[in-house]
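Novice: Mind having a look at this structure? Questions to follow.
The values are calculated or read from the model by the stated rules, or taken from the named source; none is laboratory data. The structure presented is a predicted model; accordingly, all values stated were derived computationally and were not measured. Positions of Cβ are generated from backbone atoms using ideal geometry, with glycine treated the same way; all protein chains shown enter the neighbour counts. Side chains included, ligands, DNA and RNA excluded: accessible areas come from the protein's heavy atoms. Shrake-Rupley method; radii C 1.70, N 1.55, O 1.52, S 1.80 Å.
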Amino acid sequence: MDKYFDFFNKYSDYYMEIVKDEFQKLHIHRKIEHSKRVYKLAVEIAQKLELTDQEIHLVGIASLFHDIGRFEQFYRCNTYKDSSLCDHALLGVEILEKEKLLDDLSENEKQLILEIIKLHDYDELPSNLSKELYKYISIVRDADKIDWIYAMLNIIPKLSDKDQAVFYSNKENKNFISKRVVDSILNNRVVRKDDTSTVDELRAAAMGWITSFIKCYPSYEIVKREGFLEKTYELMGDEEEKGIIYDYVKNYISKK
């Protein structure tokens, strides 16, 4: 992995050097650290699934580079909100192909990694994925979502209100969770960030991802080990709905 980490560090350091705004530096640095944590989580999940060394190697590459397009996105658009003109996953594929960074892999391995990066942030995966691709992408997506929850609990509360607003996509900071969000979670449907209107709805959505998004059994072990469900519950307001969601998700993961 040395070659890939060398490229990642040089590439991300470049953006830290060219941006002058401290706001941009903070959020580019946040994505650097996020990518490295996702790499560690994905490798841990892959190891617990007893994948081969080569499979773990591919998972490591895909997880390290899953957000490589975020740096150009934030530099160019000053946001992490994807659009048709600034989609971080497509930017990531473009960067890796342009740099020929994966050319030492087999064509099948290269395409697997590019597909993982392209699809990793989809709310719902296509139904026609090969078993091989589904296995790899589930690991990377689990690690990505787990780290989002980790950051919400351990990093974002330490930031300024302005910087927290970026993380929460400028949601209203009030205690409200709609019936629509509750019903979606209780029916194991993914609640997208864009479908939430308040910070607590987004936190509720994060709890719901544990049942609707996460797929690998070691991922549930990590969620339980780190107490993510309980800590998210404590971070929220006094809404009755949060207790309903908490009880449902707790019962779900107790069976995993």
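Novice: Going by the conditions given, is Val190 assigned to a loop (DSSP other than H, G, I, E, B) and surrounded by 15 or more Cβ atoms within 10 Å (Cβ to Cβ)?
Specialist: Yes: the conditions hold for Val190.
Novice: Within the group Ser138, Ser127, Ser160, which residue is closer than 24 Å to Glu55 by Cβ and without any contact (Cβ under 8 Å) to a residue 12 or more places away in the chain?
Specialist: Checking each option against the conditions leaves just Ser127.
Every residue, every condition in (1) aliphatic (A, V, I, L, M); (2) open to solvent by less than 50 Å² (accessible area, probe 1.4 Å); (3) assigned to a helix (DSSP H, G or I), yes or no:
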| position | (1), (2), (3) |
| --- | --- |
| His27 | no, yes, yes |
| Ile32 | yes, yes, yes |
| Leu41 | yes, yes, yes |
| Ala46 | yes, yes, yes |
| Leu51 | yes, yes, no |
| Ala62 | yes, yes, yes |
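Novice: Are any residues in the range 106-120 open to solvent by less than 30 Å² (accessible area, probe 1.4 Å) and part of a loop (DSSP other than H, G, I, E, B), and if so, which ones?
Specialist: His120
Novice: Filter the range 147-187 down to residues that are of a type in the set (Phe, Trp, Tyr) and open to solvent by 20 Å² or more (accessible area, probe 1.4 Å) and give me whichever is nearest to Gln24 (Cα to Cα).
Specialist: Trp148
Novice: Quick one: Lys81 ticks every box in (1) within 16 Å of Gln24 (Cβ to Cβ); (2) in a helix (DSSP H, G or I); (3) of a type in the set (D, E, K, R); (4) open to solvent by 50 Å² or more (accessible area, probe 1.4 Å) except a single one, so which number is it?
Specialist: So the condition that Lys81 fails would be (2).
Novice: Considering only the range 101-111, state which residues are farther than 22 Å from Tyr11 by Cα and either in contact (Cβ under 8 Å) with a residue 24 or more places away in the chain or under 15 Å from the mean Cα position of the chain (by Cα) (or both).
Specialist: Glu109, the sole residue that qualifies.
Results for (1) under 17 Å from Ile245 (Cβ atoms); (2) aromatic (Phe, Trp, Tyr); (3) touching a residue at least 60 places away in the same chain (Cβ under 8 Å); (4) not in a loop (DSSP other than H, G, I, E, B), shown as yes or no for each residue.
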residue	(1), (2), (3), (4)
Asn175	yes, no, yes, no
Glu201	yes, no, no, yes
Ala204	yes, no, no, yes
Trp209	yes, yes, yes, yes
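Novice: If you check Ala151 against the conditions, is it among the small types (Gly, Ala, Ser) and either free of Cβ contacts under 8 Å to residues at least 40 places away in the same chain or touching a strand residue (DSSP E or B) at 6+ places or on another chain (Cβ under 8 Å) (or both)?
Specialist: no
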